[in-house]
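Following: one structure in structure tokens, then a few remarks.
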Amino acid sequence: MSTIIFFMENYVAGGLDKVCRDILLNVKAEKIYLIVNKKIDERILNTQRLPSRIHIFKYRLLTPADLSNFATQHKKKKIIYLLLKLVDYLLRYPLLLISFVYFFFYFRKLKYDCFMTHNGGYPAALFCGTASFASALVIKRKSIFVFHSMPRKYSKAYIGFDYIWDRLVDRYCIIVSVSKKSAIELLRIRKIFQFPKVIHNGIDPNEKKINTASKEINILHIGYVSDSKNQLMLLKTLNILVNNFSRRVKITFVGDFTDDNYKKTLDDFLINNHLEDYVSFEGFKENMELYYSNNDILVCTSKIESFPMVILEAMRIGMPVVSTNVGGIAEQIEDGCDGFLVNSDDYTSLADKIQLLFDANVFENISKNAYKSFNNKFTKNRMIESYNEILNL
């Protein structure tokens with residue numbers, strides 16, 4: 001049996017944390033050192049008690065994300081914001097060097113066989129990279145570098161740094177992507193030469209649940225409330241449905257607000273179109289089973305995604321999904337077979353697809369196919385087997 005280091009740097013709990021929790025609980029390792037930043041959002045990780053073989057360590061280093069977030073908090077004060085961004089730029093490289101040295105000497109104290117880090121995007125949480133490089137030098141074995149979102153293009157401000165970063169990742173890491181689309185995009189927009197291994201996310205199967213279209217259609221949307229998740233698109237769709245179709249529609253949004261300005265945009269739209277009675281904002285919820293069971297359709301309106309866990313959670317109980325066709329979502333949903341896809345921001349087409357599900361026969365066919373697709377391709381056991389293989393466990 002092996003000992004592994006499992007490294008995470010996150011600030012908002014989401015699908016990545018669900019995947020990490022399942023890997024931690026099920027991967028074939030005798031001992032796991034779970035290393036996380038001090039500000040980690042533990043709400044999802046802690047929904048299940050971690051076994052004694054998992055030892056948690058929280059590092060207390062100032063991160064580039066801390067600097068960036070602090071600057072963003074003062075965005076309305078232009079001079080202060082620009083000064084803070086300058087500080088962010090000047091301190092970024094010293095912080096990365098300090099973190100590399102810190103992790104190198106910390107890892108030398110541990111006896112372990114392999115290292116894995118899970119990163120929200122690419123390059124995203126930069127300490128995931130410096131920790132990966134440090135580990136590769138300590139144990140003379142490439143680190144497993146998993147990224148869960150779409151890669152970011154080269155930044156004009158950091159183009160030299162980004163190029164060097166890609167070279168280091170290529171040299172010291174085995175890259176894993178959760179979707180083929182994000183892997184292809186990484187090769188297209190970055191200077192990466194290895195083709196990432198693709199391991200689709202997976203979750204536990206569940207008993208099939210099929211709802212039939214009723215007089216009231218209950219729509220569920222899950223994700224932190226922000227422009228990137230594009231809840232406004234669904235509200236525009238709601239406006240069409242309310243004014244053009246006889247069935248009553250109710251939307252439940254689950255997820256924390258992360259942008260006060262965007263919250264005001266949504267509130268203003270609801271008030272101006274008299275839609276307040278059709279919408280409920282529930283905030284973050286640890287236990288989602290009740291929300292899946294009490295709703296009929298899952299809608300995903302994101303502008304950027306790689307392989308959303310919420311779509312898998314809906315498919316495993318036969319809940320029809322209507323989603324924007326972004327990132328790797330087309331690897332989850334076959335349009336018209338086990339769900340529906342629409343172009344980003346096309347709220348009229350979204351209304352049309354939802355309206356199709358008002359028909360009980362269409363609803364049931366999509367539901368059955370979604371459940372079947374999930375069990376054939378996206379179970380947790382398939383995912384864990386792939387991670388055990390890449391870790392040589």
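Could we say that residue 311 is at pLDDT below 95, in contact with a helix residue (DSSP H, G or I) (Cβ under 8 Å, 6 or more places away or on another chain) and of a type in the set (A, V, I, L, M, F, W, C) here? When the stated conditions are applied, residue 311 does not pass them. Within segment 237-247, none of the residues are crowded, with 18+ Cβ neighbours inside 10 Å, among the aromatic types (Phe, Trp, Tyr) and either at pLDDT 95 or above or in the same structural domain as residue 298 (by TED's automatic domain parsing) (or both). Please tell me if residue 203 is under 24 Å from residue 367 (Cα atoms), out of contact with any strand residue (DSSP E or B) (no Cβ under 6 Å at 6 or more places or on another chain), touching a residue at least 40 places away in the same chain (Cβ under 8 Å) and of a type in the set (Val, Ile, Thr). For residue 203, the condition - under 24 Å from residue 367 (Cα atoms), out of contact with any strand residue (DSSP E or B) (no Cβ under 6 Å at 6 or more places or on another chain), touching a residue at least 40 places away in the same chain (Cβ under 8 Å) and of a type in the set (Val, Ile, Thr) - is met. Of everything listed in (1) under 25 Å from residue 23 (Cβ atoms); (2) assigned to a helix (DSSP H, G or I); (3) outside the structural domain of residue 114 (by TED's automatic domain parsing), the single unmet condition for residue 183 is (3).
Is it the case that some residue within segment 72-90 is within 26 Å of residue 383 (Cα to Cα), modelled with pLDDT under 90 and touching a helix residue (DSSP H, G or I) at 6+ places or on another chain (Cβ under 6 Å)? No: segment 72-90 contains no residue that is within 26 Å of residue 383 (Cα to Cα), modelled with pLDDT under 90 and touching a helix residue (DSSP H, G or I) at 6+ places or on another chain (Cβ under 6 Å).
Here residue 358 fulfils each of the conditions (1) in contact (Cβ under 8 Å) with a residue 12 or more places away in the chain; (2) out of contact with any Lys or Arg (no Cβ under 8 Å at 6 or more places or on another chain); (3) surrounded by 15 or more Cβ atoms within 10 Å (Cβ to Cβ); (4) more than 30 Å from residue 26 (Cβ to Cβ) apart from (2).
All told, residue 69 meets the bar of being modelled with pLDDT under 90, within 23 Å of residue 103 (Cβ to Cβ), assigned by TED's automatic domain parsing to the domain that holds residue 117 and exposed (fewer than 14 other Cβ atoms within 10 Å of the Cβ). Tell me, please, whether a residue that is crowded, with 19+ Cβ neighbours inside 10 Å and part of a loop (DSSP other than H, G, I, E, B) can be found in segment 254-263. Checked segment 254-263: no residue is crowded, with 19+ Cβ neighbours inside 10 Å and part of a loop (DSSP other than H, G, I, E, B). Contact map, segment 152-174: first residue more than 15 Å from residue 115 (Cα to Cα), second residue among the β-branched types (Val, Ile, Thr), Cβ cut-off under 7 Å, separation 6 or more or different chains; pairs are 153/189; 166/192; 170/192.
Can you find a residue in segment 128-140 that is crowded, with 20+ Cβ neighbours inside 10 Å and assigned to a loop (DSSP other than H, G, I, E, B)? Taking every residue of segment 128-140 in turn, none turns out to be crowded, with 20+ Cβ neighbours inside 10 Å and assigned to a loop (DSSP other than H, G, I, E, B).
A residue that is closer than 17 Å to residue 196 by Cα and of a type outside the set (Gly, Ala, Ser) occurs nowhere in segment 102-110. If you filter segment 369-381 down to residues that are among the charged types (D, E, K, R) and surrounded by 15 or more Cβ atoms within 10 Å (Cβ to Cβ), you find that the one that is nearest to residue 220 (Cα to Cα) is 372.
Go through segment 116-127 residue by residue and tally those that are over 15 Å from residue 32 (Cβ atoms) and in a strand (DSSP E or B).
Matching residues across segment 116-127 total 2.
Please verify whether residue 223 is more than 18 Å from residue 278 (Cα to Cα), crowded, with 21+ Cβ neighbours inside 10 Å, modelled with pLDDT under 95 and among the small types (Gly, Ala, Ser), treating the condition exactly as stated. In short, yes.
Which one of 281, 253, 269, 257 is over 25 Å from the mean Cα position of the chain (by Cα) and among the aromatic types (Phe, Trp, Tyr)?
Result of the check over 281, 253, 269, 257: 269.
Residues of segment 272-287 that are within 14 Å of residue 219 (Cα to Cα) and hydrophobic (A, V, I, L, M, F, W, C): 279, 281.
The values are calculated or read from the model by the stated rules, or taken from the named source; none is laboratory data. No experiment lies behind these values; they were computed from the predicted model shown. Please note: Cβ atoms are built from the backbone with ideal geometry, for glycine as well, and neighbour counts cover all protein chains shown.
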